[in-house]
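The values are calculated or read from the model by the stated rules, or taken from the named source; none is laboratory data. The structure displayed is predicted, hence computed values, not measured ones. Cβ sites come from the backbone with ideal geometry, for glycine too, and all protein chains shown count toward neighbours. Side chains are part of the model used for accessible areas, which takes the heavy atoms of the whole protein and leaves out ligands, DNA and RNA. Shrake-Rupley method; radii C 1.70, N 1.55, O 1.52, S 1.80 Å.
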Amino acid sequence: MKIGVLTGGGDAPGLNAAIRAVVVKATDCGDQVFGIKDGWAGLLEGRLEPLGLDSVEDIEMEGGTILGTSRTNPYKEEKGEEKVLDNFKSAGLEALVAIGGEDTLGVANKLSKNGLKIVGIPKTIDNDLSETDYCLGFHTAVSRAAAAIEGLHTTARSHHRVLVVEVMGRHAGWITLEAGLAGGAHFILIPEVEFDIEEVADVLKKREEKGKLYSVVAAAEGAKPKEEKELLTQTKEKDAFGHIRLGGIAKALAKEIEKRTGKETRATVLGHTQRAGPPNAFDRVLGIRYGVAAVQLIKEGKFGQMVSLKGTKILSVPLEKAVGRLRTVDRELYQLAKLFFG
Ligand code: F6P
């Protein structure tokens, strides 16, 4: 059997571990794997090559994706779906493993309904896919962001400043919330809860009154101010899935905080450092378990499914359910985090 594998959307630590596991498990079953280049772009353009055991040796420890990735949406291309189906057929592929987040797996779900034999692996540092406890890459991104937020305390303290840290997270504040709690942020802003800038300033002023002359604020790039109900971004540019390019909230917030508190305030953007570099042990093992489970699903003929982690068990769920709605931070958890503000 010939199995294709692709990675789509933003890269995330753990992708290579999953790719290697697909190759190892498929080879063990006597099957052959083909790596598709740059996500859906590779299937649109027929760019793929065989992946043997030698080409994936040791890659579970490497960040990024050896296959390359893109945010190409075949449904935005002329005759995109037709091209994908034709190239799949002419390459002699019989099944496809798509590794991605809501956009990549949203496309996988549509293609699956139109006859493509496909299984999904959840990947996004944002951790916002439904029906799984963890998406590949989230755990590493949280560790990186938490270490950065923790580290910023010493410089903020030395200069008696406020530092606003911009953390990735478009619709969901999982990274910001967990990294903010773990890294000791004094205020956390997430997309799920509109923020009041006066409230942020008040909390920071109260710290000052208590003799704490510095603060660190963690803000998700997708957090929205109450009064504007709009994303604070530097550009309104959109990608092929219609998402505005985020970035800019830390700078905007720093200005407002400085105005209201009179404290020197600086912005730090963690950006792509959060998903760069090697995966941590959790994401390596999760990638390996997901990759093996995806090939098992194919062997059982269970297409249109996504592998998922529930508790400690790897299960599978319909792709449709996984991409149907986003898994966001609930108010209860945010209330818990609020206990630690200030
Ligand atoms: O893949 C998710 C994500 O990391 C988001 O958290 C972030 O908003 C976006 O990707 C950044 O996209 P790009 O890599 O295209 O700048």
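With the crude spin-label approximation of a point 7 Å out along Cα→Cβ, what separation in nm comes out for Leu213 versus Leu333?
3.7
Which one of Phe341, Met168, Gly277 is farthest out on the positive end of the charge dipole of the chain, using unit charges on Cβ (Lys, Arg +1; Asp, Glu -1) and the Cα centre as origin?
Phe341
Hey, any idea what the orientation-averaged projected area of the convex hull of region 25-85's Cα atoms comes to, in nm²?
It is 4.9 nm².
Counting other Cβ atoms within 10 Å, which trypsin sites (Lys or Arg not before Pro) in region 110-215 have at most 11 and lie in a DSSP loop?
Passing both the DSSP loop test and the Cβ count: Lys210.
Restricted to Cα positions, what overall size does the chain have along the principal axes? Three whole-Å values, descending.
Between the extreme Cα coordinates on each principal axis of the chain lie 69, 39, 31 Å.
Eigenvalues of the Cα gyration tensor times 5, then square-rooted: what semi-axes does that give for region 69-207, in whole angstrom, largest first?
Semi-axes from the Cα gyration tensor: 42, 15, 12 Å.
Per the helix-only calculation at 222 nm, which mean residue ellipticity applies to the chain, given -39500 (n - 2.57) for every DSSP H run of n ≥ 4 and division by its residues, nearest 500 deg cm²/dmol?
Here the helix-only value at 222 nm equals -12000 deg cm²/dmol.
Glu300 to Asp196: extension gain in nm, 0.36 nm per residue of separation minus the Cα-Cα distance?
32.3 nm
What is the local net charge at Asp196, summed over the other residues whose Cβ is closer than 12 Å to its Cβ (Lys, Arg +1; Asp, Glu -1)?
Local net charge: -4.
Please go through the residue pairs Lys2/Lys117; Lys79/Lys117; Lys37/Lys238; Lys212/Lys259; Lys113/Lys310; Lys236/Lys259 and name each one whose alpha carbons sit more than 21 Å apart in this structure.
Lys37/Lys238; Lys113/Lys310; Lys236/Lys259
Kindly state, as a whole number, the per residue volume in cubic angstrom of the convex hull around the alpha carbon atoms of region 4-151.
112
For the chain, report the accessible area per residue in Å² (1.4 Å probe, heavy atoms, rounded to an integer).
On a per-residue basis, 43 Å².
Mind checking the log10 I(q)/I(0) for region 203-301 at q = 0.11, 0.18, 0.20, 0.21 Å⁻¹? Debye, one equal scatterer per Cα, no solvent, two decimals.
Ignoring solvent entirely, the Cα scatterers give -0.59, -0.97, -1.05, -1.09.
To the nearest µm²/s, what D does Stokes-Einstein give for region 139-274 at 37 °C and 0.692 mPa s, using the Kirkwood radius over alpha carbon pairs as Rh?
223
So what's the net charge close to Met61: Lys and Arg +1, Asp and Glu -1, counting the other residues with Cβ under 12 Å from its Cβ?
-3
Give, as ranges by residue number, the residues of region 171-185 whose backbone N falls under 12 Å from the point 7 Å along Cα→Cβ of Thr233.
The answer is 171.
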